[in-house]
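Reviewing the structure listed below.
What follows draws every value from the coordinates through simple rules; no lab data is involved. Quick caveat: nothing in here was measured; it's all calculated off a predicted structure. When we count neighbours, we look across all protein chains shown, and the Cβ atoms used for this are built from the backbone with ideal geometry, even at glycine.
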Ligand code: GUN
């Protein structure tokens, strides 16, 4: 008989963590009068970014975090954006700063991110926070891989000695994901567009994290029986349906656990952003988190 994978319900796990976050927000307010604040900066009119930013604002409100939204035109000069970031760095009501990526081509994203004070870099993109991750020190962790670690913890997946294959090497997901898995003693293989025989690598994996942005690139038949499959993809197929980077149906008949798209990794990313913001507020208020 064919087995069917258990679904890792990102919405449910998210809701549980958001309940904890709400309590932490109330706890900080009652003890110190401080309300955690997140500044979100959107430059230009990228439609997906507008949706993400709106969702982040709503999610903040929902747990009692103050949200400060700054929307700037597409042709904003680098200096204007740098000036705004400098102001937010100084603002005592702002504990987290997020500059939505991608920025318009004319802007130097690295310089903008590097201008955020690492203490407010709740995205975990600043080189100091990236360095802290790589060297195993405390710091803000990139929200998507951080959320995936929480999901793996939730299903009690023991990473020690496991073979983990990551498909995708972005600075936001793939690269930090590998570091976090390594920190938990997994054996990590990074795959990408130049990888030879992707199928062979995936067939040997106890854990597959797909973060490439290619609809259903990972075939169900490549999944090892009993593997855990995490799908970060959010793609439209030719019919306009939202699909992940993994062939969900076929992979489900082999995997032990799998994340759906939507309702898997997506909700976790915003939840970890809220978590990082509240943690930052506690730190600024001198309170143990
Ligand atoms: N663009 C896509 N994902 C992210 C994210 O997690 N943070 C920011 N700032 N921009 C993004």
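Some observations on this one:
- Taking region 69-130 and dividing mean pair separation by its residue count, relative contact order in percent (alpha carbons under 8 Å, at least six apart): 33 percent
- For the pair residue 32 and residue 78, label points projected 7 Å from Cα toward Cβ lie 3.5 nm apart.
- Gain on full extension, evaluated as 0.36 nm per residue between residue 12 and residue 236 minus their Cα-Cα distance, stands at 78.2 nm.
- With the convex hull drawn around the C-alpha atoms of the chain, the volume per residue stands at 134 Å³.
- Approximate spin-label separation residue 192-residue 225, in nm, with each point projected 7 Å along Cα-to-Cβ: 3.5 nm
- Relative contact order for the chain, counting Cα pairs under 8 Å that sit 6 or more residues apart, in percent: 22 percent
- Between residue 289 and residue 214, the simple spin-label model (points 7 angstrom out along Cα→Cβ) gives 3.6 nm.
- Full extension of the chain segment joining residue 22 with residue 135 gains 37.6 nm, where the gain is 0.36 nm per residue of separation less the Cα-Cα distance.
- Cβ-based exposure ranking for 137, 169, in which fewest neighbours within 10 Å come first: 137, 169
- Here the calculated FRET efficiency for residue 106 and residue 4, from their Cβ-Cβ distance with R0 = 51 Å, stands at 0.55, rounded to the nearest 0.05.
- Cα-based helix-to-principal-axis angle, 47-63 vs the chain, degrees rounded to 10: 70 degrees
- Oblate is the label for region 1-91, because the ratio a/c of its alpha-carbon gyration tensor axes (a ≥ b ≥ c) is 1.5 or higher and a/b is not greater than b/c.
- Principal axis extents of the C-alpha atoms in region 210-289 (largest first, rounded to whole Å): 51, 31, 17.
- Prolate/oblate/rounded label for region 192-257 (Cα gyration tensor, a/c 1.5): oblate
- Computed [θ] at 222 nm, deg cm²/dmol, the chain (DSSP H ≥ 4; -39,500 (n - 2.57); rounded to nearest 500): -13000 deg cm²/dmol
- Between the Cα long axis of helix 10-32 and the first principal axis of the chain there is an angle of about 20°, rounded to the nearest 10.
- In the chain, the longest principal axis of the Cα atoms and the axis of helix 78-90 are about 80 degrees apart.
- Per-selection Rg to Rh, region 97-173 - Cα, Kirkwood hydrodynamic radius: 1.02
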